[in-house]
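Please treat every number below as a calculation from the coordinates, not as lab data. Computed from a prediction, not measured in an experiment: that's the story for all the values here. Cβ atoms come from the backbone with ideal geometry, glycine included; neighbour counts cover every protein chain shown.
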Amino acid sequence: MSAILPRMTVVSRTLLVMVFVARSLSAGLPYLLKDINPSTRASSDPLLLQTIGNTSYFLADDGSHGLELWKTDSTESGTQLVKDINPGIAPGVKKDRSAYAFRGRLIFSALNVPDMQVWITDGSESGTTMLTDMHPATPLGFNAFLIGATNDAAYFIGSSTPGGGELWRTDGTVAGTRMVVDLHVRSGTFPFGFGTIGNSVVFFATTATRSGLFISDGTAEGTRTLGGGGGVAGHVPFGNGLVFAAFEDANTFGIYRTEGTIESITRLHGGFKVDPNRAFEPFVLASLGNFVYFTGDDGVHGRQLWRTDGTVDGTAIVAVPGPGSVQAGSVATVGDNVFFLARSGSVDQLWKSDGTAAGTKLVKDGLANAYGGFAWHGAFYFACNDGLHGTEPWISDGTTSGTQMLHDINPGMGSSNPFQYFDGGNVLYFSADDGLHGMELWAYSNVTAPVRRRAARP
């Protein structure tokens, strides 16, 4: 009997390990997807772009090819360089999110020395090609900026002459890539996409005569200004149009609504103070039911959670008195609630709201360095420091007990500083630093995920 007991103990321990691993697999743990830049403590600094089907595209620097386009299917073997567009150590792309999904492929900006041109890829090296070289004889040093995609075309600002930028469209073929209208977009400015209304693209640009919103249906006659000359800082689809934030002067911004014409633009509320530390506030607006939620400081109540139903009378602060100063960029919709982060004194807090004062409730107190805010698969993801660990990824289901650290990626008081949560379909991606591999791409599945050990580089 004494000889059998030790064997049973070994078997029991083995079973316990198997149970632990099985539970880890079923619960899912964040895992380092791939050490893309294997140099000691070097970072690939991934920038996530778009998910198309089961493939997510991102920019990264592996230390050998410079910053280039990569793809992943959430496995290590499936995380690959798409193409070394600019061969060698020099970058082939610039670090911005000028990329859109279009008809199952990715349209993005890439280098054709010395200018940035528009490229398209199906995820293969041979299927990654330049759509057009707008000025092959005389490089102008003008970067092409993707600004949006509809069902019919993808749109970008390019330049074929020294006179400035023009609006272009493409159907994904070289023959179907053409200029729509010459807007004389100023060189050195950064036009960007602002969503779609129907089959028209809305974008912000600075031309020789104005700065503001434009809308285009792909024709010269159907390209017109929408105003918003002070600059825009966020938008969300609403009804048959958009609700957006626009700067009214250097110190204030307002919330507006449009259905795609100047006549339909309505100022819902204005005079919100611009936080000098958050120059692009509010860059996140969230929809819930028939309302759009945003953060704003009206000069009386501090920065609080607001909502609008698209009318002047229906635009109001949610709760007075409300939480402490609500963080811009932390608002996200989960189920029937809006989640957001706030600061009370020197303490960070997690809150949720159903849009009423009575339904605005504190979820978790006593946090520090809380930031971010992303909704994915019925939960709210953010980053914070609980005083026992460094700044790590957290998850919340809206209850105090269900708000917890997702994983101690950089063990102990070290911080992994996770950021740019990104929806990869069945996988949540984000960047983090485990203290050994630098800032790299991590993945998490709340269904299943491989359990990987934190191993040092050789």
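Some observations on this one:
- A convex hull fitted around the alpha carbon atoms of region 363-440 yields 84 Å³ per residue.
- Annotation: amide H-H contacts under 5 Å for A319 (H modelled 1.01 Å from N, sequence separation of 5 or more, or interchain): L305.
- Anisotropy class of region 333-387 from Cα gyration tensor, a/c 1.5 cut: oblate
- In the chain, the DSSP-assigned H stretches of four residues or longer account for a calculated mean residue ellipticity at 222 nm of -2000 deg cm²/dmol, using -39500 (n - 2.57) per stretch and the full residue count as denominator.
- Centroid-to-centroid separation of region 306-333 and region 376-408 [C-alpha atoms, Å]: 23 Å
- Added length on full extension, which subtracts the Cα-Cα distance from 0.36 nm per residue, D182 to T356: 57.9 nm
- Among S401, S445, the ranking by other beta carbons within 10 Å of each residue's beta carbon, starting with the fewest, stands as S401, S445.
- Normalised by 2.2 N^0.38 Å, with N the number of residues, the alpha-carbon radius of gyration of region 277-354 equals 1.02.
- Karplus (6.51, -1.76, 1.60) ³J(HN,Hα), θ = phi - 60°, over region 63-70, in Hz, Gly and Pro reported as x: x, 10, 10, x, 6, 9, 7, 10
- Under Karplus coefficients 6.51, -1.76 and 1.60, residue-wise ³J(HN,Hα) of region 243-252 in Hz, glycine/proline x: 10, 9, 9, 9, 6, 9, 6, 5, 10, 9
- Note on region 230-317: percent of Cα-Cα distances in each 5 Å bin, starting at 0 and stopping at the bin with the largest distance, equals 3, 16, 29, 28, 16, 6, 1.
- Relative exposure of L436, L226, judged by other C-beta atoms within 10 Å (fewest first): L436, L226
- Long-range lysine pairs (8 or more apart or interchain), the chain, Cα under 28 Å: 14
- Amide H to amide H distances under 5 Å link I147 with Y155, F156, I157, where only residues 5 or more positions off or on other chains count and H is placed in the peptide plane.
- Listed peptides 171-182, 367-378, 327-338 by packing density, highest first (mean Cβ within 10 Å): 327-338, 367-378, 171-182
- Inter-centroid distance (Cα atoms) of region 172-188 relative to region 26-94, Å: 29 Å
- Overall Cα dimensions of the chain - principal axes, largest extent first, Å: 92, 58, 33
- The distance between label points at F419 and D171 comes to 4.1 nm (points 7 Å beyond Cα on the Cα→Cβ vector).
- With θ taken as phi - 60° and the Karplus curve 6.51 cos²θ - 1.76 cosθ + 1.60 applied, the whole-hertz 3J(HN,Hα) list for region 398-403 is x, 10, 5, 5, x, 10 Hz, x standing for glycine and proline.
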